[in-house]
Amino acid sequence: MNNECVSETVGDYVVVRLRGEVDLSWSQQVRKAILAALGATGKVGVEMSEVSYIDSSGIAALVEGLQNARSKGQQFGLVGVSKAVMAVLQLARLDRVFPIFPDLDAARAG
Amino acid sequence: MPDGADERRALDFLAELIQALALSTDLRKTLPMALGRIADFMQAEAASLFLVDPASGLIECRLCVGPVDIVGLKLEVGQGIIGRAVAQNTTQIVRDAQTDARVNVRVDAETGFITRSIICVPLTTGEGPIGAIEVINRRGGGLFEIEDAVLLETVAAPAALAINNARLVDGLVEQQRIRRELDLARRMQRMLLPKRRRGKFPLIGINLPAHEISGDFYDYFDLPDGRIAFVIGDISGKGLDAAFLMVRVASLLRWSGKDGLAPAQWLARANNESCQTLNEGRFVCALVGQYDRSDGSVVFASAGFPPALLQSAKGFESFIADGPPLGILPDIDYGERRLTLGDDALYFFSDGAIDAREAGQERIGNEGLRDMIASHTGLAPEPRLRALIGDLKRMQLADDTTVLLLQEPRGTAAQTLLDLPFPARAEELRRVRARLREALDAQGVGPELRDRLVLAVDEACTNVIRHAYCGNCDDTITLRLTRERDMLGFELRDEAPAVDPEKITTRDLGDCRPGGLGVPFIRALMDDWQLEPGTDGKGNVLRMRKRLHSDGDLETNK
């Protein structure tokens, strides 16, 4: 599975789709994509069903996105979180901090 | 009246004398010479130097020149001319001694010497007079003049300074001598402690004296039947007499245990002996035992020693003393404890460890000790004991502190499962994780634990790249994975400048902000980790350990 970070607009919602293993080698790219999406719209979700690994630098990018959105009253959530990502979120005790949605429809419904 | 030539002569004399006193390295030689020169220069029949003895408060003649030897003559402060000079800290001039009420004529009566005229000046220091110099009778029958008194005062000042300095030096030398002797005593005491055995020996002890010398001791020795006997003890009180007693009691316990007497009887015998020989009010807390390596059985008995602590997979169990300390009451029956050691660890701590405290806090107590041990569970016995002692040393130790650890060292040598050098670049990490996953899979580590361990190692690599190398570079990081029985070891070596472990920032999990999660992840995922300088001081070595538990960590069918 190759690493991939693609942003798609679905109505007023931007979804940042991540694939592969999020680590130090490209977590800056993920961070920029998330901040760019938050600059473009008020509702952003990060889709992670095909993320097989995430390290603390990837988690940091997600936390920064959440804090950024909150400060501006925007919506920010994680969508379709894989088991591997969930394990790390739990370890960092962030599984209850992020709004987490099973799929894009649920995320868009807020 | 001295004319110009006399004055020059006086100045030359003074300059020479002051220099001799100032440069003197041995006043016992310089002072008699100086006193002789003073007597000659002042044309005195006799001269003497008196010093106050700080112990008795009396003024004692330490040096004299002239027809009568009065060295050793003792006077009260205030008594006679000399006593007055010291008491009043002023120069005394006597023009006609025979009619002067101040003069003590007793000495003349005893010696036949006739005192006619005297000058006496105090030897003054910043802390007051320390003695006096006296010249008696001008040769040829003349009288001393005021100028003579001024001259003697001028000589007295450097003499007082030189004597005072010498006394201070003597004090320092004495202190150094005592320190050297204490140091020697401490080294001799340490020699009484058993030597660390090479190879896989199940007992390790460490003794930290609170002062130069210790009242604690430990010992272990082989019994004729192949078992190993061990002893740990703590003498009541501290300091020199506790230390001497320690030497006696340590040899008593070795002597009474050398035949392999059961621990209860061993203590009873040592107790009866101690009751006869220990001084009033002294007692000894001791624990003695035997360990049989062939079947792993331990038997021990405690005379007032702090609770023994057994650490097993189930947690901690403590064993309180089986009777009172040695040396209080004769004919005591002591109880005994038996257990099978297996892979467990049995700790014996003198109460110095239990009484250790963080600055300004309560003593750590048995609970604190357990937490401390638990935080180093992942380490092998010897590094674990060193880590414990390190923790204790960082605290305030009021008392001697001794730890004896009984635990079988792990049998097999560590097996290397992965030895992977790679460039310190973030792009490499994906490949490193894949190789580590494979190696852990091959060990039958379950996927959940495997992913957690991979995360911890990846975080560690990330930190090395970011904080040790300060970014991607082509220098090498080497990852080694080892396994020793159920213990996995992860080692990361780098060639970066040394990182100060104290400066590694960390945070609490649950503190929601980006960054700084790497170390908390490692801490949460591994049993323990430590960062050390690399071999020869080059680079850093990060070691992490994780014990595999048979229930769940391992996939059984692999």
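The values are calculated or read from the model by the stated rules, or taken from the named source; none is laboratory data. Note that the coordinates shown come from a computational prediction; the quantities given were computed from them, not determined experimentally. Heads up, the Cβs are rebuilt from the backbone with ideal geometry, glycines too, and the neighbour counts pull from every protein chain shown. With ligands, DNA and RNA removed, areas are computed over all heavy atoms of the protein, side chains included. Shrake-Rupley method; radii C 1.70, N 1.55, O 1.52, S 1.80 Å.
At the nearest 100 Å², what buried accessible area, both sides summed, do you get for A and B when the probe is 1.4 Å?
Working: alone 5830 and 28410 Å², together 32280 Å².
Summing both sides, the interface buries roughly 2000 Å².
Which value results when the Cα radius of gyration for segment A:61-100 is divided by 2.2 N^0.38 Å?
Numbers: Rg = 10.3 Å, N = 40, 2.2 N^0.38 = 8.9 Å.
In units of the globular-protein estimate, segment A:61-100 measures up at 1.15.
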Extension gain from B:Asp108 to B:Gln175, taking 0.36 nm per residue of separation minus the Cα-Cα distance: 19.9 nm
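Convex hull over the alpha-carbon atoms of segment B:339-455: what's its volume per residue in Å³?
Working: hull volume 21.3 nm³, N = 117.
So the per-residue Cα hull volume is 182 Å³.
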Cβ-derived FRET efficiency at R0 35 Å, A:Ala109 paired with B:Glu427, nearest 0.05: 0.35
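Could you size up the charge dipole of the protein assembly as shown around its Cα centre, putting +1 on the beta carbon of Lys and Arg and -1 on that of Asp and Glu, and report it in debye to the nearest 20?
Working: 79 positive and 95 negative charges, 278 e Å.
Value, rounded to 20: 1340 debye.
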Nearest-20 debye value, segment B:221-369 charge dipole, Cβ charges on Lys, Arg, Asp, Glu: 260 debye
Under 5 Å, built H, 5+ apart or other chain: amide partners of B:Thr91: none
Cβ charges +1 (Lys, Arg) and -1 (Asp, Glu), total dipole of segment B:59-116, debye: 140 debye
Shielding of A:56-68 by partner chains, average beta-carbon count, 10 Å: 4
Ranked by how many other beta carbons lie within 10 Å on average, peptides B:173-179, B:215-221 from highest: B:215-221, B:173-179
Occluded residues from segment B:453-476, i.e. those whose accessible area drops by 40 Å² or more once the chain is not alone (1.4 Å probe): B:Leu455
Packing-based ranking, highest mean first, of A:96-108, B:264-276, B:358-370 given that Cβ atoms within 10 Å are counted: B:264-276, A:96-108, B:358-370
Extended-chain gain in nm, criterion 0.36 nm per residue less alpha-carbon gap, B:Asp295 and B:Thr277: 2.7 nm
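Roughly what % of Cα-Cα distances in segment B:67-180 sit above 22 Å, to the whole percent?
Working: 2606 of 6441 pairs.
Result for the distance tail: 40 percent.
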Two-site label geometry, B:Phe221 and A:Val10: point separation in nm, points 7 Å out along Cα→Cβ: 8.1 nm
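Roughly what % of Cα-Cα distances in segment B:441-482 sit above 11 Å, to the whole percent? Let's see the in-between values first.
Details: 601 of 861 pairs.
Of all Cα-Cα distances in segment B:441-482, 70 percent exceed 11 Å.
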Against the rule of thumb 2.2 N^0.38 Å, how large the Cα Rg of segment A:1-68 comes out: 1.01
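What fraction, in whole percent, of alpha-carbon pairs in segment B:163-290 exceed 24 Å separation? List each step's numbers first, then the result.
Details: 3177 of 8128 pairs.
Considering segment B:163-290, 39 percent of its Cα-Cα pairs are separated by more than 24 Å.
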Cα-based Rg and Dmax for segment B:180-238, where Dmax is the largest Cα-Cα distance (Å): 13.3, 42
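So if we plug the beta-carbon distance of B:Ser251 and B:Leu184 into 1/(1 + (r/R0)^6) with R0 = 22 Å, what FRET efficiency do we get, rounded to 0.05? Mind showing how you got there, number by number?
On the way: r = 19 Å, r/R0 = 0.86.
For R0 = 22 Å, the calculated efficiency reads 0.70.
Kirkwood hydrodynamic radius, computed over distinct alpha-carbon pairs, for the protein assembly as shown: how many Å, to one decimal?
On the way: mean 1/r = 0.0305 Å⁻¹.
Its Kirkwood hydrodynamic radius stands at 32.8 Å.
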Percent of beta bridges antiparallel (DSSP, the protein assembly as shown, rounded to nearest 5): 85 percent
Chain B, Cα convex hull volume normalised per residue, Å³: 259 Å³
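Below 12 angstrom from the Cβ of A:Arg19, what's the summed charge of the other residues (Lys, Arg +1; Asp, Glu -1)? Walk me through the numbers on the way to the answer.
Working: positive: A:Arg17; negative: A:Glu4, A:Glu21, A:Glu47, A:Glu50.
Summing Lys and Arg as +1 and Asp and Glu as -1 gives -3.
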For chain B, calculated [θ]222 nm from helices alone, where every DSSP H run of n ≥ 4 adds -39500 (n - 2.57): -11500 deg cm²/dmol
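How do the peptides B:315-327, B:90-102 rank, highest first, by the average count of neighbouring beta carbon atoms within 10 Å per residue?
Values: B:315-327: 18.4, B:90-102: 14.6.
The peptides rank, most packed first, as B:315-327, B:90-102.
Give the whole-number value, in cubic angstrom per residue, of the convex hull volume spanned by the C-alpha atoms of segment B:352-418.
Working: hull volume 6.6 nm³, N = 67.
For segment B:352-418, the hull spanned by Cα atoms encloses 98 Å³ per residue.
Tell me the per residue accessible area of segment B:281-389 using a 1.4 Å probe; a whole number in Å² is fine. Spell out each step's value before the answer.
Details: 4670 Å² over 109 residues.
On a per-residue basis, segment B:281-389 sits at 43 Å².
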Residues with amide H under 5 Å from that of A:Leu94, placed H, sequence gap 5 or more: none
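Decide, for segment B:1-58, between rounded, prolate and oblate: order the square roots of the alpha carbon gyration tensor eigenvalues as a ≥ b ≥ c, take rounded if a/c falls under 1.5, and otherwise choose prolate if a/b is larger than b/c, else oblate.
Working: a/c = 2.72, a/b = 1.71, b/c = 1.59.
Here segment B:1-58 falls in the prolate category.
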Between 0 and 90°, nearest 10: helix B:146-192 axis offset from chain B longest Cα axis: 30 degrees
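Given a 1.4 Å probe and every protein chain left where it sits, what share in percent of the accessible area of segment B:108-187 is carbon and sulfur?
Details: 2470 of 4250 Å².
After summing per-atom areas, the C and S share lands at 58 percent.
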Inter-chain shielding of A:79-89 (mean C-beta neighbours from other protein chains, 10 Å cut-off): 1
Proximal charge balance of B:Glu484 [Cβ under 15 Å; K/R count +1, D/E count -1]: +3
Solvent-accessible surface ranking, highest first, for B:Lys393, B:Lys314 at 1.4 angstrom: B:Lys314, B:Lys393
Radius of gyration, Dmax [segment B:274-334; alpha carbons; angstrom]: 14.4, 45
